[in-house]
Amino acid sequence: MPSGKTHASVTALAAVVTPILLNPASPEGLISGCLLGLIITPDLDVENKTRAHGTVAKIGREIGGKNGKIVGEVFSSLWYVFWWPYGKLLPHRAYWSHAPVIGTLGRLLYAPTLFTLIWLALSYLITDISPPPVAVNIWAWIELHLDNGIQWSEIRGMFISIWAWFISLLTGKASLPFISSNQFLRDGLWGLIIVDTLHAVLDLVVSAAKRTLRRKSNKQPV
């Protein structure tokens with residue numbers, strides 16, 4: 001499969017080329033979304049540190065100034081810990097991490113979900129911290145349906161609603177005001193989807209090429 005360096009190079013190239021080819025309403029948003037793909041990558045589904053963690057460390061070193069090395073290591077370690085459950089749950093190059101759009105959506109849902117769970121845990125440990133509003137709303141929904149019984153059709157409908165919302169978000173018809181009315185964020189989502197798709201395509205092409213070469217080498221007479 002392609003190396004992390006190859007994927008990073010393709011991602012950086014996409015940040016330059018796609019705004020020229022697509023002429024988006026917000027070139028800055030598209031470029032930002034593409035570059036975000038350098039640290040939020042499909043290869044976060046591995047348990048060890050990847051090039052994305054190295055990129056986070058570089059950002060930390062730039063921010064840290066004189067203490068850049070220490071800050072970089074802290075940033076990289078926190079990024080690793082934050083995404084470790086994701087890599088533990090999904091095998092490398094799994095459908096749910098590498099499939100175009102689906103993988104992107106999964107990571108976009110994973111990050112705020114884990115952040116909310118951490119916030120919720122801290123709110124129980126530290127009385128001065130209030131639980132996140134979204135967690136309160138979700139718990140209220142669970143309590144209501146535990147009393148009345150949860151139907152599979154309701155759960156299936158919830159997932160369908162999430163997908164419909166995501167598609168409408170990309171087309172500017174979503175009901176989430178701060179994104180649907182923000183061209184920068186919407187084009188940023190497109191940028192992230194584009195580089196994630198390029199990542200998956202590159203994996204498939206290189207893997208197929210290597211299989212073809214192996215078959216040809218095995219067929220050669222001794």
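All of the numbers you see were taken from the coordinates with simple rules; none came from a lab. These figures come from a predicted structure and were not determined experimentally. Cβ coordinates were reconstructed from backbone atoms using ideal geometry, including for glycine residues, and neighbour counts include every protein chain displayed.
Here the simple spin-label model places points 7 Å from the Cα toward Cβ, and for residue 201 and residue 63 these points are separated by 3.2 nm. Cross-link partners for residue 216 among the lysines, with Cα-Cα distance under 23 Å and sequence neighbours closer than 8 places in the same chain left out, do not exist in this structure.
Stretch residue 210-residue 48 to full length: gain in nm at 0.36 nm per residue minus the Cα-Cα span? Write down the numbers at each step before the final one.
Values: separation 162, 0.36 × 162 = 58.32 nm, distance 2.42 nm.
Contour length minus Cα-Cα distance gives 55.9 nm.
State which entries of 5/58; 49/210; 5/49 exceed 22 angstrom in Cα-Cα distance in the structure shown. 49/210, as the Cα separations exceed 22 Å there. Packing-based ranking of 201-213, 44-56, 185-197, 68-80 yields 185-197, 44-56, 68-80, 201-213, ordered from highest to lowest mean Cβ neighbour count within 10 Å. Taking packing as the residue-averaged number of other Cβ atoms within 10 angstrom, the listed peptides 27-34, 57-64, 110-117 run from highest to lowest as 27-34, 57-64, 110-117.
Applying 1/(1 + (r/R0)^6) with r as the Cβ-Cβ distance of residue 20 and residue 119 and R0 = 30 angstrom yields a FRET efficiency of 0.15.
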